[in-house]
Amino acid sequence: MRIYNLFPLLAGRFADWQPHLERAAAMGFDWIFVNPIQRPGRSGSLYSIADYFVINPVFLAPHSKSPPEDQVRAMAARAERLGLRLMIDLVINHCAIDSPLVKEHPEWFVREGGGVAHPFCVEADGNKVVWHDLAQLDHRHSPDVEGLLKYCGDLVEHLVGLGFTGFRCDAAYQVPQEIWRRLFERVRRRHPEVVFIAETLGCSPEQTKQTASAGFDAIFNSAKWWDFESPWLLEQYDLTRQVAPSIAFPESHDTERLFAATGGNLFAQKQRYLFAAVFSAGVMMPIGYEYGFRNRLHVVATRPEHWEQPAIDLTDFIARANRIKAEHPLFSEETLLQRLDSPNPAVLFLWKASTRGHGQALLVFNKDPWNRQHFRCEDLYRCIQTAAPLLDVSPEWTLDYVPTPFEFDLDPGMGRVMITQDGKG
């Protein structure tokens with residue numbers, strides 16, 4: 001899955017999404033992920049949904065005679081004509097505190113201190129953050145679990161009817177595995193093409209593995225935070241790869257913009273996207289990354305007028321990285337993955353091997369996005385377990401053949417991607 005996150009508050013009304021859909025398709029994405037488009041509660045947060053079956057009016061054409069649902073379907077049809085499938089957030093772990101559901105079905109909610117409980121998280125420094133605009137749904141102990149599950153199933157059916165065939169399941173670990181299994185069974189019986197992806201960021205690897213085993217089609221990984229050195233990412237990857245494919249991203253709507261965090265470093269933008277694209281089975285990128293946007297996406301305050309003047313244009317580079325992923329099956333699966341010794345500690349050297357017979361790859365990344373680094377390997381062919389020749393498919397400065405010994409002066413942050421020829425798509 002090559003996913004473009006079209007953040008709806010920045011894109012504006014559905015009728016105005018066409019240029020973004022076309023750009024995503026031109027860059028080689030095959031999925032559009034849309035954050036919640038339903039009517040929010042009084043906080044205005046996209047993730048504080050008051051009515052799951054009513055479209056947020058900020059996305060609707062103000063004087064259109066077309067019903068809201070038809071405006072969504074028209075957008076979905078435009079995406080489909082471009083070869084794009086639509087994915088949306090499925091937020092069933094909580095709703096807005098002022099949602100009518102709180103009064104209509106009080107038995108569906110976690111109770112605390114005589115009232116409805118608010119979801120919370122504990123940050124790394126021990127600070128407890130409580131979301132007072134949210135009400136915690138109780139999928140574990142509600143006396144009407146069946147009614148709540150039916151409501152969630154009806155919601156998915158409704159969204160499928162609007163044109164969405166993918167669901168990013170928000171805070172999936174907060175909903176019991178058995179609920180997910182039963183929901184998936186109901187939906188897939190009628191819509192086998194629908195996919196469900198677990199959002200499990202912040203979980204331990206064991207929690208992630210347990211959540212994924214409920215039957216999710218994919219999970220998100222934490223490659224964005226890797227320093228290219230510590231062992232934890234490769235350990236997590238190995239722990240979960242046999243349970244579900246994973247999706248990497250260089251930034252998300254929940255993180256600071258990478259371009260701002262690196263002081264406007266073009267090389268870091270390229271490095272992190274290419275690494276995400278070739279590291280795991282799927283890749284996701286939010287709108288604006290291709291242009292070096294600096295302003296963080298905000299689930300309440302972002303508006304179309306916050307569209308920034310592009311600082312850079314990585315559309316062609318991203319298209320080439322996505323083409324590597326699309327044309328070579330090795331980069332669309334979770335593989336065997338091993339770090340190899342590099343004579344230059346500033347260079348990351350990885351070996352990937354398919355478990356499905358689609359060949360092997362050698363990845364060489366300059367960890368340093370500020371300085372050039374030299375890489376030398378006396379014999380790359382001793383690093384692969386086949387006699388098949390290596391083919392350079394790197395997005396920049398692609399070599400006609402791969403020599404041995406192999407030497408290359410890597411630009412800041414540059415990645416080299418070499419595959420065995422039996423790994424071609």
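Scanning the stretch 26-45 for residues that are under 18 Å from the mean Cα position of the chain (by Cα) and assigned to a loop (DSSP other than H, G, I, E, B) yields MET27, GLY28, PHE29, ASP30, ASN35, PRO36, ILE37. Residues of the stretch 174-194 include none that is assigned to a strand (DSSP E or B), touching a residue at least 24 places away in the same chain (Cβ under 8 Å) and closer than 23 Å to ASP254 by Cα.
Among the residues of the stretch 258-290, those identified as touching a residue at least 40 places away in the same chain (Cβ under 8 Å) and in a loop (DSSP other than H, G, I, E, B) are THR262, GLY264, ASN265, SER280, ALA281, ILE287, GLY288. Restricting attention to the stretch 202-234, the residues being closer than 24 Å to ASN366 by Cα and in a helix (DSSP H, G or I) number 6. Going through (1) of a type outside the set (Val, Ile, Thr); (2) at pLDDT 95 or above; (3) in a loop (DSSP other than H, G, I, E, B) one by one, ALA388 falls short only on (2).
In the stretch 147-181, which residue that is surrounded by 18 or more Cβ atoms within 10 Å (Cβ to Cβ) and charged (D, E, K, R) is modelled with the lowest pLDDT? Among those residues, the one meeting the criterion is ASP170.
The listed residues are PHE365, PHE317, PHE349, PHE293, and the only one of them that is part of a helix (DSSP H, G or I), under 25 Å from the mean Cα position of the chain (by Cα) and not basic (Lys, Arg) turns out to be PHE317.
With in the same structural domain as ILE88 (by TED's automatic domain parsing), crowded, with 19+ Cβ neighbours inside 10 Å, at pLDDT below 95 and farther than 23 Å from PRO36 by Cα as the only criterion, which of TYR273, TYR237 stands out?
Testing whether each residue is in the same structural domain as ILE88 (by TED's automatic domain parsing), crowded, with 19+ Cβ neighbours inside 10 Å, at pLDDT below 95 and farther than 23 Å from PRO36 by Cα leaves just TYR237.
Could you tell me whether any residue of the stretch 121-130 is surrounded by 13 or more Cβ atoms within 10 Å (Cβ to Cβ) and outside any strand (DSSP E or B)?
Checking the stretch 121-130: not a single residue is surrounded by 13 or more Cβ atoms within 10 Å (Cβ to Cβ) and outside any strand (DSSP E or B).
The values are calculated or read from the model by the stated rules, or taken from the named source; none is laboratory data. Here the structure is a predicted model, which means the values were calculated and not measured. Using ideal geometry, Cβ is built from the backbone for each residue, glycine included, and neighbour counts are taken over all protein chains shown.
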